[in-house]
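No value in this document is a laboratory result; all are computed from the given coordinates. Remember, it's a predicted structure, so these values are computed and weren't measured experimentally. Every residue, glycine as well, gets a Cβ built from its backbone with ideal geometry; the counts of neighbours run over all protein chains shown.
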Amino acid sequence: MLVVVNALASVHAALRNQPAKERSSTWLNYNHSTTEELEEYAERVLRRYAVERDTSAGEFMEKWADVCRVHRNSTPQPGESNQLVHGDLNITNVHVKPGAPEQMKLVDWEWAGWGLPHLDLACLLKRTDEILEQRAMNIFTGNDPSLPLDEHWRIYRWCQLDRAILDASFLAAQVLDQGYQPHWDMAGFLEGSLAEVLRRTRELS
């Protein structure tokens, strides 16, 4: 994973240098409008999930107003290192050649859009321990001295909060609307996402 973190600087540089004529107008925009839309969507889905599934999501929703306040008030400003990002850079979307870690391919670009490079780091480091997170941030910030260290951390934590809200609402919608029965513990992952939302909210507070 740390090899991938180190490669992010090159990946983002390549995306910044992409010719304008090849840039799709259909790419997502991770901006203030998206933040508000995500909150509205998440509240609607998670409240329904709490009622129909009778889970700890009900207790979570009691803290939802605080989550939204922190999420919205901490949103990075427009243009704050904004660029083209992968958008869903979890480790399963990174293919590394055995024995040649410098050769890797990124797949599944449907979430690509304009946002902060920290978003890709946040996706990559979901559910990692604090030691690995610290090591990864040391690499990431060392490759990007354009911002002070505390600003890198602030933006990264916000991206983690944003992604956790998205994960929780996306999983809840799958359970409610599709009756999806995966081969993995979706309910457990959803509960973990809710806990991650609260954790990042406390950090940003």
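In table form, for the structure just shown:
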| quantity | calculated |
| --- | --- |
| Counted charge near Gln160, where neighbours are those whose Cβ lies closer than 13 Å (Asp, Glu -1; Lys, Arg +1) | +1 |
| Length gained when the stretch Glu37-Glu133 is fully extended (0.36 nm per residue, less Cα-Cα span) | 31.7 nm |
| Dipole axis of region 52-205 (+1 Lys, Arg; -1 Asp, Glu on Cβ), positive-most option in Ala57, Leu176, Gly115 | Gly115 |
| Size-normalised alpha-carbon gyration radius of the chain, reference 2.2 N^0.38 Å | 1.04 |
| Reach of Lys97 by Cα under 19 Å, taken over aspartates and glutamates that are not fewer than 8 positions away in the same chain | Asp108 |
| For region 128-205, Kirkwood radius (reciprocal of mean inverse C-alpha pair distance, Å) | 14.1 |
| With at most 14 other Cβ atoms within 10 Å, longest stretch of the chain clear of loop GluC sites (Glu not before Pro) (DSSP) | 111-205 |
| Nearest-20 debye value, the chain charge dipole, Cβ charges on Lys, Arg, Asp, Glu | 380 |
| Where labels lie 7 Å past Cα in the beta-carbon direction, separation of Ala100 and Ala65 in nm | 5.8 |
| Relative contact order of the chain, defined on C-alpha pairs under 8 angstrom at six or more residues apart (%) | 28 |
| Residues Leu198 and Ala13, FRET efficiency given R0 of 35 Å [Cβ-Cβ distance, rounded to 0.05] | 0.50 |
| Mean-position separation - Cα centroids, region 132-205 and region 27-96, in angstrom | 9 |
| Largest to smallest principal axis extent of the C-alpha atoms in region 54-154, angstrom | 49, 37, 30 |
| Alpha-carbon gyration tensor eigenvalues x 5, square-rooted, for region 1-122, Å | 32, 19, 13 |
| Simple spin-label estimate for Val3 and Asn143 in nanometres, 7 Å along Cα-Cβ | 1.4 |
| Pairwise label distance in nanometres, Trp184 with Asn29, each label 7 Å out on the Cα-Cβ vector | 3.2 |
| Fewest-first ranking of Cys68, Cys123, using other Cβ atoms within 10 Å as the exposure measure | Cys68, Cys123 |
| Degrees between helix 186-204 axis and first principal axis of the chain (Cα, 0 to 90, nearest 10) | 70 |
